[in-house]
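All remarks here apply to the structure that follows.
The values are calculated or read from the model by the stated rules, or taken from the named source; none is laboratory data. Fair warning: this is a prediction, and the values are worked out from it, not measured in the lab. A quick note on method: Cβ atoms are made from the backbone with ideal geometry, for glycine too, and the neighbour counts reach across all protein chains shown. The accessibility values were calculated without ligands, DNA or RNA, using every heavy atom of the protein model including side chains. Shrake-Rupley method; radii C 1.70, N 1.55, O 1.52, S 1.80 Å.
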Amino acid sequence: MRLNPLGRTGIKVSSLCIGTMMFGGEGNRDHDDAVAIIRAALDAGINTVDTADAYSAGETETIVGKALEGRRDDVVLATKVHFPMGDDPNHGGNSRRWITRAIEGSLRRLRTDHVDLYQVHRPDPDTDIDETLGALSDLVRAGKVRAIGSSTFAAEEIVEAQWVAEARGRERFRSEQPAYSLLARGAEESVLPTCARYGMGVLTWGPLAGGLLTGRYRRDRPIDLSAGRPHRYPHRFDPAVAANARKLDAVEDLLALAAEAGISPVQLAIGFVLTHPAVSAAIIGPRTAAHLGPLLAAADVELGDDLLDRIDAIVPPGTTFNRLDAGSRVPPSLANPASRRYRR
């Protein structure tokens, strides 16, 4: 397993990072099985584990804590804060009040006294970025966090955070976690270049586009919208949505290209993500032990220029068919009519 620098932090991360969102109530509910999968990934050379407090309402962090028992010092452990952890409106977001409380819960569930990378899961338009960076800086100084990062931030939000950190003497985001796949290439336009400019590491999520790039969902087969991911995210899978129909067309061409190249669709998808020079690691999210093997087999695949040119012809650089695949949200400037209507 190749090791890559996490930006300019001095931390080395494996080219594949084991993502854990599918462990717990939202996926594999067998704790012992999930622990075994994480440990198998570590045995295969993966040294980076990514989780979040919001995954299965904290259950996933508990599973990760069990899996890392006796191995914590050899693992780059990353978790996140932002999404609600209950009905209380103050139990979520990016405020100092919540961050200082959330980290304690994460450390307790993860059975550790520090995390190597603490990431802000999404931007919070209601919280001054200086408030967030100030709280995170204090956690770094207290030794509870080694480095801080962002997740699914727009390029302009990354730049603003960098400038605020410099102007106010705060710790700065050292990494970003964007969506990036053959079907969601929008990060290539400005997010990935911005990360490279600021020396930030990049851990990408969704390299298989929710399973579309494995060949599980095909253009000529009905997609069951009553179960699994299609049920949870129908707007990303329903072929009646024009953007999704275009994705399924592209998938057919990409599957044919992988077969012609003599590699699996998974190898094509992950190999593509790891080709970008700004990417430190691709996050893989197996739900079962059977899922892990094919993902590991993609770690060292190298795609030649001819193959990459043919990918570009199918999905042009910067293309994202469905913005929901990139974790995009409607910004307040568009969602709130009052923000664009002058009142006398």
task = Using the 2.2 N^0.38 Å rule of thumb for compact globular proteins, work out how segment 167-286 stacks up: its C-alpha Rg over that value, please.
result = 1.20
query = For segment 175-228, which whole-number percentage of the solvent-accessible area (1.4 Å probe, protein heavy atoms only) is attributable to carbon and sulfur atoms?
reply = 49
request  = Please report, in Å, the Rg and the Dmax of segment 148-227, where both are computed over Cα atoms only.
outcome  = 16.6, 56
remark   = Accessible-area order for Y55, Y198, Y342, largest to smallest, probe 1.4 angstrom, reads Y342, Y198, Y55
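Per 0.36 nm of contour for each residue apart, how much would the distance between D300 and T100 grow if the chain were fully extended, relative to their Cα-Cα spacing? Display every interim value, and only then the final one.
On the way: separation 200, 0.36 × 200 = 72.00 nm, distance 3.91 nm.
Contour length minus Cα-Cα distance gives 68.1 nm.
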query = Dimensions of segment 221-299 along principal axes (Cα, Å, largest first)?
reply = 34, 28, 25
key: Where N is the number of residues in segment 277-332, Cα Rg divided by 2.2 N^0.38 Å   = 1.49
query = Which lysines have a Cα lying under 20 Å from the Cα of K66, excluding residues fewer than 8 positions away in the same chain?
reply = K80, K144
task = With a 1.4 Å probe and every protein chain kept in, tell me what percent of the accessible surface of segment 1-129 is carbon plus sulfur.
result = 45
inquiry  = Could you tell me how far the Cα centroid of segment 18-80 sits from the Cα centroid of segment 236-302, in Å?
reply    = 22
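For the chain, what relative contact order do you get, as a whole percent, if you take Cα pairs closer than 8 Å and at least 6 residues apart? Spell out each step's value before the answer.
On the way: 630 pairs, mean separation 63.8, N = 344.
After rounding, I find 19 percent.
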Descending principal axes extents, segment 1-69, alpha-carbon based, whole Å = 35, 23, 19
ask   = Accessible surface of L334 in the full protein assembly, 1.4 angstrom probe, to the nearest 10 Å²?
value = 100
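Which value at 222 nm does the chain reach when only helices count, each DSSP H run of 4 or more adding -39,500 (n - 2.57), with the total divided by all residues and rounded to the nearest 500 deg cm²/dmol? Intermediate results must be reported in sequence, preceding the final value.
Working: 13 runs with 133 residues, N = 344.
One gets -11500 deg cm²/dmol as the mean residue ellipticity at 222 nm.
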Heavy-atom SASA rank of R29, R101, R71 (probe 1.4 Å, accessible area, largest first) = R29, R101, R71
inquiry  = Taking the Cα of T275, stepping 7 Å toward and past its beta carbon, and measuring to each backbone N in segment 200-228: which are under 16 Å?
reply    = 207-208
message = What number comes out for accessible area per residue over the chain if the probe is 1.4 Å? Units Å², please.
response = 45
query = Ignoring ligands and nucleic acids, what accessible area does V202 show with a 1.4 Å probe (Å², nearest 10)?
reply = 0
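Work out, in µm²/s and without decimals, the Stokes-Einstein translational diffusion coefficient of the chain at 4 °C, 1.567 mPa s, Rh from Kirkwood over C-alpha pairs.
Details: Rh = 20.6 Å.
Approximately 63 µm²/s, per Stokes-Einstein.
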task = Go from 0 up to the bin containing the longest alpha carbon distance in segment 239-344, width 5 Å each, and give me the % of pairs per bin.
result = 2, 10, 16, 18, 18, 14, 7, 5, 4, 3, 2, 1, 0, 0
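On alpha carbon coordinates alone, what is the Rg over Rh value for segment 64-103, Rh being the Kirkwood radius?
Using only Cα positions, Rg/Rh for segment 64-103 is 1.12.
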